[in-house]
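Below is one structure, written out as structure tokens; the observations come after it.
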Amino acid sequence: MDSRWALVIAGGLLCLRPAGPDADRSLRAQAVETPAVRAASSRPQPGDRLFVHIVGEPLLSDTVTVNERGEIALAKLGVLNIARLSIGEVQDTVRARYGRLLRDPAVEVNVFRRIGVNGAVKKPDVYLVDLSTTLRDLIARAGGIADNGDRGKVYIVRNGDRIHVDHWESDASRASDLQSGDQIVVDRQAWWKSNIFSLTSTAVLIASFAISLMR
């Protein structure tokens, strides 16, 4: 290879390389920040359902809902405010509190969000989903888009706002993360789209009839 071309290619590769350690860290963060990774560090939200399992203690194990103040109530412990805790910290806190009553308790805390799915899906309902569930996962659980559904009109309704999710089948960004109380709405197709075959057939018949009259 000509030495001049080698220099040009090397220079191009250097330009493509992110500049500095900050850029490297940014790229690494983008690569690993998946819904599952974000779920591990996320905080419980009002409306979340927590399944608290104290191994070997069925009377202490419970299913509780986070209230508007970010509180849960557990047997023998009373009310705990977990609004500022991550999911992992909630589990550690519950284990530490029960550790005052039990010897080396094994504690499992699983968090589920309550999401409604409505509109043009095959199984509209309210679903409890784990924190790593994506919008695509939830629509699949609801049976997928119905035959009369418009794949380009998928919305998250949150706090009265209707948020259009354009690339919901591939979007794994924070913008598409789900929250308890969300309503997923899939709009129906426009009338002419769902009846395009009938309209086309009718148009062909009319055209054929018009041509026959002109002969």
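The values are calculated or read from the model by the stated rules, or taken from the named source; none is laboratory data. Fair warning: this is a prediction, and the values are worked out from it, not measured in the lab. Glycine gets a Cβ as well: all are built from the backbone with ideal geometry, and neighbour counts include every protein chain shown.
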> Which is surrounded by 18 or more Cβ atoms within 10 Å (Cβ to Cβ) and farther than 30 Å from Gln189 by Cα, of Val79, Val107?
Replying inline: Val107
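Strands (runs of 3 or more DSSP E) wholly in segment 62-137 with at least 2 residues that are in the same structural domain as Gln179 (by TED's automatic domain parsing) - which ones?
Working: elements: 62-65, 71-74, 78-81, 107-119, 125-130.
Filter on segment 62-137 gives 107-119, 125-130.
When segment 103-118 is examined, which residues are found to be farther than 17 Å from Gln45 by Cα and either modelled with pLDDT under 95 or touching a helix residue (DSSP H, G or I) at 6+ places or on another chain (Cβ under 9 Å) (or both)? First the steps, then the outcome.
Step one: filter segment 103-118 for residues farther than 17 Å from Gln45 by Cα, giving 103-108, 117-118.
Scanning segment 103-118 gives Arg103, Asp104, Pro105, Ala106, Val107, Glu108, Val117.
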> Would you pick out the residues in segment 138-157 that are surrounded by fewer than 14 Cβ atoms within 10 Å (Cβ to Cβ) and under 13 Å from Leu178 (Cβ atoms)?
Replying inline: none
> How about segment 167-187: which of its residues are farther than 15 Å from Ile145 by Cβ and touching a residue at least 60 places away in the same chain (Cβ under 8 Å)?
Replying inline: Ala172, Arg174, Asp177, Leu178, Gln179, Ser180, Gly181, Asp182, Gln183
> So which residues in segment 45-71 are within 21 Å of the chain's Cα centre (by Cα) and among the aliphatic types (A, V, I, L, M), if there are any at all?
Replying inline: Leu50, Val66
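Based on what the data block shows, is Arg162 touching a Lys or Arg at 6+ places or on another chain (Cβ under 7 Å), in a strand (DSSP E or B) and either charged (D, E, K, R) or surrounded by 13 or more Cβ atoms within 10 Å (Cβ to Cβ) (or both)? I'd like the intermediate steps shown before the answer.
Values: touching a Lys or Arg at 6+ places or on another chain (Cβ under 7 Å): no; in a strand (DSSP E or B): yes; either charged (D, E, K, R) or surrounded by 13 or more Cβ atoms within 10 Å (Cβ to Cβ) (or both): yes.
Criteria not met by Arg162.
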